[in-house]
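The structure appears right after this line, and notes come after that.
The values are calculated or read from the model by the stated rules, or taken from the named source; none is laboratory data. The structure presented is a predicted model; accordingly, all values stated were derived computationally and were not measured. Glycine also receives a Cβ, built like all others from the backbone with ideal geometry; neighbour counts cover every protein chain displayed. To get the accessible areas, we keep the full protein, side chains included, count just its heavy atoms, and leave off ligands, DNA and RNA. Shrake-Rupley method; radii C 1.70, N 1.55, O 1.52, S 1.80 Å.
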Amino acid sequence: MITKTIRIDPNSFLDKDLTEAAKLIREGKLVAFPTETVYGLGANALDGAACDSVFEAKMRPHDNPLIVHVLSPADFSLYAETENQPLLEELANRFMPGPLTVVLPKKKTIPDSVTVGLSTVALRCPSHPVARSLIRVSGCPIAAPSANLSGRPSPTAASHVIEDMSGRIPMILDGGEAEVGLESTVISLKGDEIHLLRPGFVTAEDLKQITDKVIISPAVLSALEQGVKPESPGMKYRHYAPKSPVTMVFGSEVNVLNFFCQKLSEGCGVLCFDEDVSVLKKLGFEENVISFGSRSDLLSQASGLFDALRKFDSVTVPHIYTRETTRNELGLAISNRLLRACAFNCIEV
Ligand code: TXA
Ligand code: MG
């Protein structure tokens, strides 16, 4: 299959620029498109066969459900039970459109291939103008996982989508770099409680402005015991992973940097902060050192992490070592992605 890439300037385009992409969606084909979080791999969410082909194109396990993207939270009630959800309206008013996904009891309008047979559906209103136009012009809700091959880092630029999906899908809309760089926050609602299933740009601290009862799923920061199912099926997989294994290194500043130097001299890779790159350079280590952002700037870490993980695929190292970031605010989402790239392998030095 030939994959056509169309460049769309998110700040200046017309709905008619998306006519061809929307036609493909309506015909049951797949189109990768930019969102404010990461690139998505879109299919008509009401077309079960189209959604099945998303799993094939991504080589995604068949037990990991897709997020359905709609224009407005007012559309949620077409696809999910929104009655008796006391927190939903406030969440919608405050965070939507934007990087927040809500898991709700599903209606029959959504085919089982989207939800892999679960009784719930995940719904999100993206804020990215190209994503919004694609939904509007297609005239249907769009089911979209991140547009990477399953297990690989999510794509934050069209070049990442091309790397993973070229020849597998008919079209990629290139809208430049994704602003946030990490996937949306996924929550479920249990009465007056918010359960945080996957941390993202909308943080636990943000959600606490709506209710004190924000419960962080244990799968966010630790490997689940064998046989325990996470509430969000995607959280059980090793994810965001470069081809070499990754280990997180804990310890004092001096010990971590000494350990990095030792491992670099053995030919391993180091994924660290900008500030570490400068220190390591002064100590004579430059090769195989890749930064994922500045220690003091969580936004730069969020937008740099997946690209940094992908960069390790173009260098040959037997092992990659990385270090922790804060777990506060946006740091929780970054820590979650880093720990999962490590498959939760950590060492103390
Ligand atoms: O930012 C995002 O959310 C991006 C863009 C494209 O919108 N999409 C995305 O999709 O990250 P994906 O498929 O890579 O991740 C969806 C996550 C998975 O962890 C999945 O298990 C969870 O959402 N999910 C989907 N439906 C669910 C459901 N009914 N119950 C619990 N978790 C669900
Ligand atoms: Mg994904």
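For the chain, report the accessible area per residue in Å² (1.4 Å probe, heavy atoms, rounded to an integer).
Result: 41 Å² per residue.
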If you take the square roots of the eigenvalues of the alpha-carbon gyration tensor of the stretch 138-268 and sort them as a ≥ b ≥ c, do you get rounded (a/c under 1.5), prolate (a/b over b/c) or oblate?
oblate
From highest to lowest solvent-accessible area (probe 1.4 Å; ligands, DNA and RNA excluded), GLU324, GLU266, GLU348 read GLU348, GLU266, GLU324
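Regarding the chain, what is the average projected area of its C-alpha convex hull, in nm²?
Details: hull surface 69.2 nm².
Taking a quarter of the hull surface, the average projection is 17.3 nm².
Largest first and in whole Å, what are the equivalent-ellipsoid semi-axes of the stretch 105-206 based on the Cα gyration tensor, each being the root of 5 times an eigenvalue? Don't skip to the answer; put the middle values down first.
Working: eigenvalues 124, 68, 42 Å².
Equivalent-ellipsoid dimensions as semi-axes: 25, 18, 14 Å.
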Just need log10 I(q)/I(0) for the stretch 1-134 at q = 0.18, 0.21 Å⁻¹, Debye formula, equal scatterers on the alpha-carbon atoms, no solvent, rounded to two decimals.
-1.07, -1.37
For a quick size check, give me the Cα extents of the stretch 38-88 along its three principal axes, largest first, whole Å.
37, 23, 21
Counting each pair of different Cα atoms once, what's the Kirkwood radius of the stretch 213-349 in Å, rounded to one decimal?
15.4 Å
What is the magnitude of the charge dipole of the chain about its Cα centre, with +1 placed on the Cβ of each Lys and Arg, -1 on the Cβ of each Asp and Glu, and no other charges, expressed in debye to the nearest 20?
680 debye
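Determine the relative contact order of the chain: mean sequence separation of Cα pairs under 8 Å and six or more apart, normalised by residue count, in whole percent.
Working: 787 pairs, mean separation 67.1, N = 349.
Dividing the mean separation by the residue count of the chain yields 19 percent.
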At most 13 other Cβ atoms within 10 Å and a DSSP loop assignment: could you name the trypsin sites (Lys or Arg not before Pro) in the stretch 128-206 that fit?
none
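With a 1.4 Å probe and all protein chains in place, put ASP52, ASP206 in order of accessible area, largest first.
On the way: ASP52 65, ASP206 40 Å².
Descending order: ASP52, ASP206.
For the stretch 1-76, which GluC sites (Glu not before Pro) are in a loop by DSSP, counting at most 12 other Cβ atoms within 10 Å?
Numbers: sites: GLU20, GLU27, GLU36, GLU56; in loops: GLU27, GLU36.
Taking the stretch 1-76 and a limit of 12 other Cβ atoms within 10 Å, the loop GluC sites (Glu not before Pro) found are GLU27.
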Taking the full set of protein chains and a 1.4 angstrom probe, give the accessible area of LYS23 in square angstrom, rounded to the nearest 10.
110 Å²
Cross-link partners of LYS281 among lysines (Cα-Cα below 16 Å; sequence separation of 8 or more within a chain):
LYS263
Taking the dipole about the Cα centre of the stretch 8-123, with the C-beta of Lys and Arg at +1 and of Asp and Glu at -1, give me whichever of PRO111, VAL68, THR82 is farthest to the positive side.
PRO111
Computed over the stretch 301-349, the distribution of all Cα-Cα distances in 10 Å bins, rounded to whole %, is 22, 55, 21, 1
Which of PRO233, GLY331, GLN209 sits farthest toward the positive end of the charge dipole of the stretch 178-334, with +1 on the Cβ of Lys and Arg and -1 on the Cβ of Asp and Glu?
PRO233
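Dipole size in debye (nearest 20) for the stretch 266-348 around its Cα centre, Lys and Arg Cβ +1, Asp and Glu Cβ -1? Write out the running numbers ahead of the final one.
On the way: 9 positive and 12 negative charges, 36 e Å.
My answer is approximately 180 debye.
Mean separation of Cα pairs under 8 Å and 6+ residues apart, divided by the residue count of the stretch 65-169: what relative contact order is that in percent? If you can, show how the numbers build up before the last one.
Values: 146 pairs, mean separation 35.6, N = 105.
It rounds to 34 percent for the stretch 65-169.
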